[in-house]
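Read through the structure below, which is laid out as structure tokens, and then see the notes.
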Amino acid sequence: MTEEKKNDLTLDPENWDAMRQLGHQMIDDLFEYWQNIREQKIWKPIPSEVKQFLDKPLPEKGQSPESIYQEFKQNIFPYNKGNVHPRFFAWIQGTGTPLGVLADLLASGMNPNVAIGEHSAMYVDRQVVNWCKELMNFPADASGILVSGGSMANITALTVARNSFRDEKIRAQGLKAASAQLVLYCSVETHSCIQKAAEVIGLGTEAVRKIGVNDRYELDIESLKAQIELDIEAGLLPFCIVGTSGTVNTGAIDPLDELLAISRKHGMWFHIDGAYGALAKLDPQYAGRLKAIEEADSLAFDLHKWLYVPYEVGCTLIRDAKMHRDSFSITPNYLLQEDRGLSGGLDSINNYGFELSRGFKALKIWMSLKEHGREKYAQMIAQNNRQAEYLADLVNGNPNLELTAPVSMSITCFRMIKSGYSESQLRDLNREILLRLQEEGIASPSSTVLNGKYTLRVANVNQRTRMEDMDLLVKEVLRIGAEIQKIVH
Ligand SMILES: *Cc1c(COP(=O)(O)O)cnc(C)c1O
């Protein structure tokens, strides 16, 4: 019975000991990498040989794992994006942690599909969703689901919003069943995934009202009220308001309390996109302004941003668990649940979202929250916010620099200035500063345009950043800026 026939194929290693040794080597190399990351360049251009190597056709025959790993070390590992580095501030991308990575390895090794069945990962997933509710002070009887990230978390929430809108029977009959066009309200600063979601769930781009913002980039309430009145007069159905807790551009916080009140008044769904900034709730300095998160009908937030968990994982929370389940539940014959055995256990997670195959991404969150506890995360998030404020102080203290937006949460937008320079000269100067910062491997901010001003954008959800990195960043911006101006003149 245990005799293996010569012709029984498998993908397991021919030499288990060699593979185990290779695994140890990989772990050692990763630890080297993390422990010395501060001394390394944050980014390197990819040589053309490497790009050619990564453009070869499908292999017909196999090769040894050792040789594959050598190829990885030569061609892939050195040209990483850099968000593990203490001076990565581009877009909004988390750092990850060693235990989070090891948890992912274990999750992958167990390899459960965490959608259905009686097995431990289902209970870990449930516990993590419950912890997410606790982090956000959502009611214990709310529901939630872990998804790949903020975009998925937002569309999951908006699907529930659409399917449970009044008695419109939209899940069964589609949007044509609605008595009029559904309209969604957000601001011009709202993340693009909200528009995409509105398109995918059948509202269409034209049903998305992007309301203007004030000088702090927060949704302007008076314009919102006026637009809702106009739409009601036109016979349309205002259906959902999306408020943002931490916009992607500047970290602005929409007036969530007022948005909540308006949505209640009109019987609308109130969703909060907190992909980046919902977790700022843990910083006492922001807790008050984010209190309305607790009252929202739904919330989307990322754990790969401000919980520093390795990619990828986001979370949707829905206040009304029944509405959530009623939006997605479906039980085909091949997914029947029993009350015993492997097919028993918790309600299928597929009843709460679109995806049926789901990895064990809960484990990295479970281990991380146990490793550090809520308090430590609150300190880390507050630290990032204080670093952003410190950077702003440095900028304000230097006549050659200016802030281009008020600092909110952990995003600082600034640029170099020079009297007599036109907007386009300033854009060229700051763009060149940005590119050299990246190419010299010093730091990786990204850019944005605010009120027509090209701007360096430092978004910090980095658990490795120190205050001194802000000093260095400013010093290098000034050095590079001065060098460029010398050449220009
Ligand atoms: C990052 C972000 C998103 C998108 O989340 P992903 O995890 O990248 O899919 C949506 N909204 C805001 C405000 C974000 O910062």
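The values are calculated or read from the model by the stated rules, or taken from the named source; none is laboratory data. If you're wondering where the values come from, they're calculated on a predicted model, not measured in any experiment. Quick reminder, even Gly has a Cβ in these numbers, built from the backbone with ideal geometry, and neighbours come from all protein chains shown. Just so you know, the surface numbers come from the protein's heavy atoms only, side chains and all, with ligands and any DNA or RNA stripped out. Shrake-Rupley method; radii C 1.70, N 1.55, O 1.52, S 1.80 Å.
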Ranked from highest to lowest mean number of other Cβ atoms within 10 Å per residue, what is the order of the peptides 430-439, 155-164? 155-164, 430-439
Can you give the Kirkwood hydrodynamic radius for the stretch 371-488, in Å, rounded to one decimal and based on Cα pairs? 14.8
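Specify whether the C-alpha gyration tensor of the stretch 272-329 places it in the rounded, prolate or oblate class, a ≥ b ≥ c being the square roots of the eigenvalues: rounded for a/c under 1.5, otherwise prolate if a/b is larger than b/c and oblate if not. Don't jump to the answer; show the numbers that get you there.
On the way: a/c = 3.56, a/b = 1.31, b/c = 2.72.
Oblate is the answer for the stretch 272-329, as a/c is 1.5 or above yet b/c matches or exceeds a/b.
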DSSP beta bridges in the chain, what fraction antiparallel, as a percent rounded to 5? 60
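What does the highest-first list of 87-95, 206-214 look like by mean Cβ count within 10 Å? Could you put the intermediate results ahead of the total?
On the way: 87-95: 23.9, 206-214: 17.1.
Per-residue mean Cβ counts within 10 Å order the peptides as 87-95, 206-214.
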What's the center-to-center distance, using Cα atoms, between the stretch 139-181 and the stretch 207-243 in Å? 20
Note, the stretch 52-63: 3J(HN,Hα) by Karplus (6.51, -1.76, 1.60, θ = phi - 60°), whole Hz, Gly/Pro = x, goes 5, 4, 8, 10, 7, x, 3, x, 7, 10, x, 9
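What number comes out for accessible area per residue over the chain if the probe is 1.4 Å? Units Å², please. All intermediate terms of the calculation are to be shown ahead of the outcome.
Details: 23920 Å² over 489 residues.
Value returned for the chain: 49 Å² of accessible area per residue.
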Under the rule of at least 5 residues apart or a separate chain, name every residue whose amide H is placed under 5 Å from the amide H of S187. I211
Under the rule a/c < 1.5 gives rounded, and otherwise a/b versus b/c splits prolate from oblate, where does the stretch 139-280 land using the Cα gyration tensor? oblate
Hey, got the dipole for the stretch 371-488? About the Cα centre, +1 on K and R Cβ, -1 on D and E Cβ, debye to the nearest 20? 140
Which whole-angstrom value gives the distance between the alpha carbon centres of the stretch 26-100 and the stretch 253-276? 41
Using +1 at the C-beta of Lys and Arg and -1 at the C-beta of Asp and Glu, which of Y33, V84, T247 has the Cα lying farthest in the positive direction of the dipole of the chain? T247
Treating only the Cβ of Lys, Arg, Asp and Glu as charged (+1, +1, -1, -1), what charge dipole size does the stretch 124-239 show about its Cα centre? Round to the nearest 20 debye. 480
Placing +1 on each Lys and Arg Cβ and -1 on each Asp and Glu Cβ in the chain, then taking the dipole about the Cα centre, the residue among Y352, H304, P47 whose Cα reaches farthest towards the positive end is P47
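Using only helices, what value at 222 nm comes out for the chain when you add -39,500 (n - 2.57) per DSSP H run of length 4 or more and divide by the total residues, to the nearest 500 deg cm²/dmol? Walk me through the numbers on the way to the answer.
Working: 16 runs with 207 residues, N = 489.
One gets -13500 deg cm²/dmol as the mean residue ellipticity at 222 nm.
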Using a 1.4 Å probe over the heavy atoms of the protein chains, calculate the carbon and sulfur portion of the accessible area of the chain as a whole percent. 52
Just to verify a number: FRET efficiency for D141 and I330, C-beta to C-beta distance, R0 = 22 Å, to 0.05? 0.45
Beyond 33 Å, what share of the Cα-Cα pairs of the chain is found? Please give it as a whole percent. 47
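Under a Cβ-only charge scheme (Lys and Arg +1, Asp and Glu -1), can you give me the dipole magnitude of the chain about the Cα centre, in debye to the nearest 20?
Details: 53 positive and 63 negative charges, 124 e Å.
That gives a dipole near 600 debye.
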Which pairs, out of K41/K133; K133/K370; K51/K453; K51/K361; K305/K376; K305/K370, put more than 27 Å between their alpha-carbon atoms? K41/K133; K51/K453; K51/K361
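May I ask you to order 451-462, 322-333 by the average number of other C-beta atoms within 10 Å around their residues, highest value first? Before the final figure, lay out the partial values.
Details: 451-462: 21.8, 322-333: 14.2.
For the peptides 451-462, 322-333, the packing ranking is 451-462, 322-333.
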